[in-house]
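Undergrad: Before I ask anything, let me first share the structure, which is written out below as structure tokens.
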Amino acid sequence: MAQDKIKVLYIDDEQNNLNGFKATFRFDYTIFIAVNIEQAYEHLQKNAEISVILCDQRMPDKTGVQFFEEMREQYPDPIRMLITGYTDIESVIDAVNRGHIFRYIKKPWTDTDVRSAIEEANKFYVTNSMLAAKNTELQSAYDELGKFAYSVTHDLRGPLLSVIGALDVAKTMDNIAEIREILGMMDAAVKKLDEFIKNTHEYYNLKRGKLVFEEIDFNNIIADTTAIFRIAGRMDNVRYTAHVSQNDVFLSDEISIKIILNNLLSNAFKFQRKTASDKFVDVDIKVENDSAIILVKDNGIGIHESHINNIFTMFYRATSEESGSGFGLYNVKDALTKLNGIIEVDSVVNEGTTFKVTIPGKANGTN
Amino acid sequence: MEQTDKLNFIVIDDSKLDCFIAEKIIRNSGKTDTVRSFLQAKEALEYIGVAQPEEDTHTIILVDIQMPVMNGFEFVEAFEALPYDIRKNYTVYVVSSSINDNDLHRVQNYSTVKQFINKPLTSNNLASILE
């Protein structure tokens with residue numbers, strides 16, 4: 001493909017050399033030529049993808065080495081090669097040693113020399129670019145890990161230290177009712193810890209796991225997910241309705257879909273207004289045109305405007321109501337990114353929240 | 001703080017259990033019965049801003065670090081911005097599960113924070129505050 005040709009910039013003060021160079025290599029590479037340094041900069045400015053630069057050493061205003069020394073500050077990525085005759089060998093050795101240039105090409109050059117030099121230089125360029133990209137990735141992984149370790153320490157130690165503290169207090173208690181009260185609180189702390197560990201597990205499943213696309217039956221998934229809430233008593237006093245309309249086959253990753261639904265439902269049950277008498281959670285799932293639209297609606301405490309933009313950030317908790325791990329919606333978002341899906345949220349404080357998730361079936365997805 | 005001062009406590013922690021434990025321990029110490037717990041630092045700050053402490057009373061604030069919405073550091077900064085006439089009635093202690101060096105250093109940089117106390121709060125480390 002034309003776009004994949006290596007982009008080469010050649011600078012020489014003799015127009016004949018430029019013409020000859022271009023004529024020889026224009027079928028193999030995309031060639032930019034410059035008769036002076038000013039022109040060379042223009043090319044570099046307009047073409048960020050130039051990967052190899054060849055420059056003649058002897059030019060009127062500056063030597064090739066000087067040019068390279070100066071331009072690499074602004075354009076450090078392209079691989080620099082000097083074209084020169086034997087007489088300049090001293091300055092060449094100096095330039096190579098100081099790391100300014102990748103190679104030098106002897107004048108008069110042969111097609112084969114130039115071609116092999118360009119190929120080598122480009123390989124070096126590609127490797128460097130990949131390394132740079134990997135480094136950026138690694139850096140962000142490290143940053144995330146740092147943040148992760150900090151929060152995990154807190155979220156794992158927090159409930160444990162609470163229980164240790166509570167045990168200490170309980171030892172001095174004689175009143176059974178009081179002891180029961182503190183046991184209930186210890187129970188909640190331990191469950192919070194367990195939920196956090198499960199969320200961490202989900203997080204790593206999402207990070208490391210490969211997607212497995214299979215037929216998704218939303219009726220089954222809803223039944224599985226809600227059974228857990230029912231057993232845990234989380235649906236007590238909440239009017240719950242689920243409606244699924246699925247006539248088509250829908251291919252997606254079941255684990256991701258479950259993580260999404262489980263977290264959205266968990267939040268809907270969790271963030272209810274304690275005093276409300278008509279608490280409800282409605283789930284509506286529609287599969288049509290090869291995409292699934294999931295609506296999870298509650299009339300709970302809602303999310304304040306100022307927090308809406310942050311709710312998908314890891315460890316962000318918009319409220320101290322209830323035991324949020326700061327993981328749930330982050331995992332939802334992460335799962336959706338993998339599935340190429342989107343999530344929208346509509347919320348009014350003290351009226352409720354509706355999450356709308358749209359997931360393309362595999363045929364439309366990235367994978 | 002004068003020995004003759006009557007002591008009050010304010011506990012700020014997003015964990016209900018930790019508030020409960022702190023209240024129990026403070027009450028068990030026999031030094032005071034006035035303990036107010038806040039699950040949100042913002043609410044505590046609002047309270048401190050308008051509270052009118054009785055003469056000859058002093059209030060000890062026990063504040064957690066990692067809390068949603070307003071964390072312990074943000075609370076201390078906001079507290080430090082309050083007028084001296086309000087601040088002089090309080091002594092702030094940070095009570096946290098954090099074992100992060102940055103957190104520990106950061107706490108030391110706040111002049112209003114008297115001490116960093118490791119969780120869980122126990123009758124022993126409360127006693128060291130009350131000494």
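Laboratory data are not the source of any read-out in this text; all were calculated from the coordinates shown. Everything quoted here is computed from the prediction, not taken from an experiment. FYI the Cβ positions are ideal-geometry reconstructions off the backbone, even for glycines, and counts take in every protein chain you see.
Undergrad: For chain A, which DSSP H helices look membrane-span-like by this rule: Cα extent along the axis of 24 Å or more and mean Kyte-Doolittle of at least 1.6?
TA: For chain A, where a helix must reach 24 Å along its axis and average at least 1.6, there are no hits.
Undergrad: Here's something else I'd like to know. So what's the gap between the Cα centers of segment B:1-63 and segment A:289-320, to the nearest angstrom?
TA: So the two Cα centres are separated by 34 Å.
Undergrad: Most exposed first by the Cβ proxy, i.e. fewest other Cβ within 10 Å, how do A:Phe327, A:Phe315 rank?
TA: Least to most surrounded, the residues fall as A:Phe315, A:Phe327.
Undergrad: I've got another one for you. Take the cross-link list A:Lys274/B:Lys119; A:Lys207/A:Lys297; A:Lys5/A:Lys106; A:Lys147/A:Lys207; A:Lys62/A:Lys123 and give me the ones stretching past 19 Å between alpha-carbons.
TA: Long pairs (Cα-Cα over 19 Å): A:Lys274/B:Lys119; A:Lys207/A:Lys297; A:Lys5/A:Lys106; A:Lys62/A:Lys123.
Undergrad: Another question, then. Using the basic label-point model (7 angstrom from Cα toward the beta carbon), what is the B:Glu55 to A:Ala48 distance in nanometres?
TA: 7.2
Undergrad: Calculate one ³J(HN,Hα) per residue across segment A:288-295 by plugging θ = phi - 60° into the Karplus curve 6.51 cos²θ - 1.76 cosθ + 1.60, and present them in order as whole Hz with x for glycine and proline.
TA: Per residue, the Karplus-derived 3J(HN,Hα) values read 8, 6, 6, 9, 10, 10, 10, 10 Hz.
Undergrad: Give me A:Tyr41, B:Tyr47 ranked fewest to most by other Cβ atoms within 10 Å of their Cβ, as a rough exposure proxy.
TA: Ranking A:Tyr41, B:Tyr47 by Cβ neighbours within 10 Å, fewest first, gives B:Tyr47, A:Tyr41.
Undergrad: Right, something else. Throw me the Rg/Rh for segment A:136-209, computed over C-alpha atoms with Kirkwood Rh, two decimals.
TA: 1.20
Undergrad: Additional query: Using 0.36 nm per residue, how much length does the chain from A:Asp174 to A:Thr110 gain when fully extended, once their Cα-Cα distance is taken away?
TA: 13.4 nm
Undergrad: Among A:His201, A:Asn17, A:Ile50, which residue has its Cα positioned farthest towards the positive end of the charge dipole of chain A, with +1 placed on the Cβ of Lys and Arg, -1 on the Cβ of Asp and Glu, and the dipole taken about the Cα centre?
TA: Towards the positive end, the residue furthest out is A:His201.
Undergrad: Starting from the Cα of A:Thr313, step 7 Å toward the Cβ, then list every residue of segment A:111-155 with an amide N under 17 Å from that point.
TA: Those under the cut-off are A:143-152.
Undergrad: Over the C-alpha atoms of chain B, what are the Rg and the largest Cα-to-Cα span, Dmax, in Å?
TA: In Å, with Rg to one decimal and Dmax whole: 13.6, 39.
Undergrad: Run a plain Debye calculation on chain A (Cα atoms as equal point scatterers, no solvent) and give log10 I(q)/I(0) at q = 0.06, 0.13, 0.15 Å⁻¹, rounded to two decimals, same order as the q list.
TA: Listed by q, the Debye log ratios stand at -0.45, -0.98, -1.19.
Undergrad: Could you state the number of Å between the C-alpha centres of segment A:135-168 and segment A:230-259?
TA: 30
Undergrad: Let me ask you something else. Treating the beta-carbon of each Lys and Arg as +1 and of each Asp and Glu as -1, no other charges, what is the dipole magnitude of chain A about its Cα centre, to the nearest 20 debye?
TA: In debye, rounded to 20, chain A gives about 500.
Undergrad: Please give the length that would be gained between A:Phe124 and A:Arg208 if that part of the chain were fully extended, namely 0.36 nm times their separation in residues minus their C-alpha to C-alpha distance (nm, one decimal).
TA: 27.2 nm
Undergrad: Continuing with the same structure: Fewest first, what order do A:Leu82, B:Leu126 take by the number of other Cβ atoms within 10 Å?
TA: Ascending number of Cβ neighbours within 10 Å: B:Leu126, A:Leu82.
Undergrad: So what is the 222 nm mean residue ellipticity for the protein assembly as shown from helices alone, if each DSSP H run of at least 4 adds -39500 (n - 2.57) and you divide by all residues, rounding to the nearest 500 deg cm²/dmol?
TA: One gets -15000 deg cm²/dmol as the mean residue ellipticity at 222 nm.
Undergrad: May I ask you to compute the full-extension gain from A:Lys258 to A:Asn219, defined as 0.36 nm times their residue separation minus their alpha-carbon distance, rounded to one decimal in nm?
TA: In short, 12.9 nm is gained.
Undergrad: Antiparallel as a % of all DSSP beta bridges within the protein assembly as shown, to the nearest 5?
TA: 35
Undergrad: I want the antiparallel fraction of DSSP beta bridges within segment A:211-367, as a percent rounded to 5.
TA: 75
Undergrad: Same structure again: Taking K and R as +1 and D and E as -1, what net charge do the other residues with C-beta under 14 Å from the C-beta of A:Gln15 add up to?
TA: Spelling it out: positives minus negatives among the neighbours equals -3.
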